[in-house]
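Only one structure is covered here, and it is reproduced in the block below.
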């Protein structure tokens, strides 16, 4: 049984200790025992003491007349820690956990305070941060200007003209670019659904916030200094604005590809001038086919989940198209990296 009662020995006697002189029975062992309640065989609560005679390895209750004599005896014992071991173990675990949590919190607070101090000391040095702050403000103005100067399309994408859209976009891209890297170019992608929303969480807004408040509550030194290095080295801004979109549609056993029309603007941050405008016409990947849907099965993957996956694939293709155009990255390598990221994300979940 996982719960019940048991007992353990407190003191051992023989009947001769209580005035029994008959040689035949005076040497019979008699025990004063502690009864306790156990849970999962762990003693939890003492239930009282009792007398028992031990014969042939078993315990027997004394006869009433003997029991009256035994109960009249004053036996000095204690409950002992053993009967309360379950409760004590629970208390020890509880207090140990709380102490560990407090120590972890203190270590975290100490670590956070140290990081805040490093960030504050850096941000408070105006000789270092004044140029960065000015650059962040300028970058913010350029982002706001170029992210809002492309109007949303008034007409719906005509799928019958998809090839024409693609060729028109391709004609604007020209030859591959050179000299643009992750370090010197900041990419901002604006989706159609965010067309009328203010820009949030850009390199400019985050850098301005932390520099203007001399560190503020920013806790992560690695992320902070990575952003500062990026801000210091960035020379170009590429704003990718989605101005028309036809979302993918899930059908009974397949899907209709989504389409996205984008305008990319390459800007020199120092001069504020747009050096190049290019169009992108993006569709869902060939690899996202009906096979994927049938493998998962309509009974296992809902239409809404499948639609979310298709939507994510279209967005990833927009992102990859920008990187291929700016950095000449191989599309197969981009897809391999995306798959690796997805696998890592699944492991974390």
ask   = Taking the highest mean first, how do the peptides 274-282, 126-134 order by number of other beta carbon atoms within 10 angstrom per residue?
value = 274-282, 126-134
ask   = If you stretched the chain out fully between residue 114 and residue 128, how much longer would it get, using 0.36 nm times the residue separation minus the C-alpha to C-alpha distance?
value = 3.0 nm
message = Give me the extension gain from residue 192 to residue 152: residue separation times 0.36 nm, minus the current Cα-Cα distance, reported in nm with one decimal.
response = 13.6 nm
ask   = So if we plug the beta-carbon distance of residue 14 and residue 47 into 1/(1 + (r/R0)^6) with R0 = 25 Å, what FRET efficiency do we get, rounded to 0.05?
value = 0.45
key: Distance between segment 132-159 and segment 229-243 - C-alpha centres, whole angstrom   = 11
Rounded, prolate or oblate (a/c below 1.5 giving rounded, otherwise prolate when a/b exceeds b/c) for segment 137-260 by Cα gyration tensor = prolate
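Each value in this text was obtained by applying a stated rule to the coordinates, not by laboratory testing. Not measured: the values here are computed from a predicted model. We place every Cβ from the backbone using ideal geometry, glycine too, and count neighbours over all the protein chains shown.
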